[in-house]
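As structure tokens, the structure follows; a few thoughts come after it.
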Amino acid sequence: MYLHKSRLIYTSQATKPFSTRELLDLLHDARAYNSIDSIYGFLYYKDEFFFQIIEGESQLINNLFDRIKKDKRHTNVKIISNNLINDYLFAKWSMGCIEFNNPKLSLIPGISIELDNKESIDRLITNLPEIASLLISNPELNL
């Protein structure tokens, strides 16, 4: 049986500011569950707003997003894109993180991509225009 791969991109607003500890706890839990289901992606957090890209088998992504929508830690969940894909952009990340208010988070092992992996970097560079065009076409995101 062929499984379809999906990439879902969404934004939401935190119901209260996340401390570094709360963000790390969120990432720890996400990485644990995502590695079980072979779900990949990254989370961007800034000024109480989340921007997340999740990738994986379509049904698992749909199940995860159903849980995400019910999470009381955020509100105003908006889908930016939900598409079938051929390849994963973030196959090495069970959940990467970008949090510009605290750049030290990017130094924690497993939080961000291994920067010496040329194949992963090349795939990101190739596909970032697609992600960027989605962001540009949604200026209300204020990212």
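Go through the range 59-92 and report how many residues are at pLDDT below 90 and within 13 Å of the chain's Cα centre (by Cα).
Number satisfying all stated conditions: 7.
Being at pLDDT below 85 and at positive phi narrows it down to one residue among Gly41, Gly56; which is it?
Just one listed residue meets the conditions, Gly41.
Based on this model, can you work out whether Ile39 counts as closer than 19 Å to Leu3 by Cβ, buried (at least 17 other Cβ atoms within 10 Å of the Cβ) and touching an Asp or Glu at 6+ places or on another chain (Cβ under 8 Å)?
Yes.
Looking at (1) modelled with pLDDT under 85; (2) among the polar types (S, T, N, Q); (3) closer than 18 Å to Ala91 by Cβ, which is the only condition Thr20 fails?
Every listed condition holds for Thr20 apart from (3).
Which members of the range 1-44 meet the condition of being touching a strand residue (DSSP E or B) at 6+ places or on another chain (Cβ under 6 Å) and of a type in the set (Lys, Arg)?
Across the range 1-44, the qualifying residues are Lys5, Arg7.
List pairs: first in the range 55-75 and surrounded by 13 or more Cβ atoms within 10 Å (Cβ to Cβ), second of a type in the set (Ser, Thr, Tyr) and not in a loop (DSSP other than H, G, I, E, B), Cβ under 6 Å, 6+ apart or cross-chain?
Qualifying pairs under 6 Å: Glu55/Tyr40; Ser58/Ser6; Ile61/Ser6; His74/Ser12.
The values are calculated or read from the model by the stated rules, or taken from the named source; none is laboratory data. Keep in mind that this is a model prediction, so the values were computed, not measured. Note that we place each Cβ from the backbone using ideal geometry, even for glycine, and neighbour counts take in every protein chain shown.
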